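In what follows, a single structure is set out as structure tokens and then discussed.
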Amino acid sequence: MLAIITARGGSQGLPRKNVLPFRGRPLIAWTIAAARASGRIDRLVLSSDDPEIIAVAEGLGCEAPFRRAPALSGDAAASIDVVLDALDRVPGYDVVVLLQPTSPLRTAADIDGALDHMAAAGAPGCVSVQEAQNHPWLVFGQDGEGRLKPFASPPDGAGLRRQDLPPALVLNGAVYAADAAWLRREKAFVRPGETVAWEMPADRSIDIDTWEDFQAAERLANG
């Protein structure tokens, strides 16, 4: 089983975020530690274009067997293309796990739980999720004249009290796992009706993109 940490050098929302000190260690260190503590991962590699990130990761025990091409390192590069590139460069694995360094509160138990759940369900993919803060039935859009309209219409007769709402889940960015052959074919970790979900609590689900996210993650970690 192959785990891939993706960490490019450029970041618009929070520059150099992958190596910023988080609780006394580079942000990426927490993902490396969780992956190395996993009981399911056979090999851990980094995909990065940045010499500093590569040096930090290698110093923390993560392999960096290649340097990501510039074409896969810009703002427009898709994560799935980066993962497929890594699979081509490090072949021979049937299952792949994408671990983003921007989820420092994810644990080894979350990684192993998602992988075990995928195997037990006989599913080709599993992604980590958390409960949605705002239920889609309670979210509105606007029509062309600025009048409110439901963003997602509930079934006729459905109750809209919070205690009556069915569970609504959103991706939290912490764990993406898939059968490698299926992923190559589908070019996506999420396919409705095929991908299963591994639910995580909100206090381990933060995904850092901005300085405000970074501060919130530190509060949660110290809380």
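The figures follow:
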item	result
Candidate set: the stretch 190-220, residues that are acidic (D, E) and not in a loop (DSSP other than H, G, I, E, B); chosen: the one modelled with the highest pLDDT	E199
Odd one out for S103 among (1) in contact with an Asp or Glu (Cβ under 7 Å, 6 or more places away or on another chain); (2) assigned to a helix (DSSP H, G or I)	(2)
Hits in the stretch 32-53 (condition: part of a helix (DSSP H, G or I) and out of contact with any Cys (no Cβ under 9 Å at 6 or more places or on another chain))	A33, A34, A37, P51, E52, I53
Residues of the stretch 125-142 that turn out to be under 26 Å from G113 (Cβ atoms) and either more than 29 Å from the chain's Cα centre (by Cα) or surrounded by fewer than 10 Cβ atoms within 10 Å (Cβ to Cβ) (or both), as a count	1
Residue match in the stretch 82-90 (condition: farther than 23 Å from D209 by Cβ, open to solvent by less than 20 Å² (accessible area, probe 1.4 Å), of a type outside the set (S, T, Y) and in contact (Cβ under 8 Å) with a residue 40 or more places away in the chain)	yes
Those residues of the stretch 195-223 which are without any contact (Cβ under 8 Å) to a residue 24 or more places away in the chain and among the small types (G, A, S), in sequence order	A216, G223
Filter pass, E145 being over 15 Å from the mean Cα position of the chain (by Cα) and either under 22 Å from P26 (Cα atoms) or crowded, with 18+ Cβ neighbours inside 10 Å (or both)	no
Condition broken by D112, with the remaining ones in (1) open to solvent by less than 40 Å² (accessible area, probe 1.4 Å); (2) in contact with a helix residue (DSSP H, G or I) (Cβ under 7 Å, 6 or more places away or on another chain); (3) assigned to a helix (DSSP H, G or I); (4) touching a residue at least 40 places away in the same chain (Cβ under 8 Å) satisfied	(2)
When residues of the stretch 159-189 are limited to those that are open to solvent by less than 60 Å² (accessible area, probe 1.4 Å) and in a loop (DSSP other than H, G, I, E, B), the one nearest to Q100 (Cα to Cα)	F189
Residues located in the stretch 3-28, provided they are over 23 Å from D75 (Cα atoms) and either crowded, with 21+ Cβ neighbours inside 10 Å or of a type in the set (A, V, I, L, M, F, W, C) (or both)	F22
Hits in the stretch 119-157 (condition: without any contact (Cβ under 8 Å) to a residue 40 or more places away in the chain and hydrophobic (A, V, I, L, M, F, W, C))	A119, A120, A132, W137, L138, V139, F140, L148, F151, A152
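The values are calculated or read from the model by the stated rules, or taken from the named source; none is laboratory data. Values in this document were obtained by computation on a predicted structure and should not be read as measured data. Quick reminder, even Gly has a Cβ in these numbers, built from the backbone with ideal geometry, and neighbours come from all protein chains shown. Areas reflect the complete protein model, heavy atoms only, side chains present, ligands, DNA and RNA absent. Shrake-Rupley method; radii C 1.70, N 1.55, O 1.52, S 1.80 Å.
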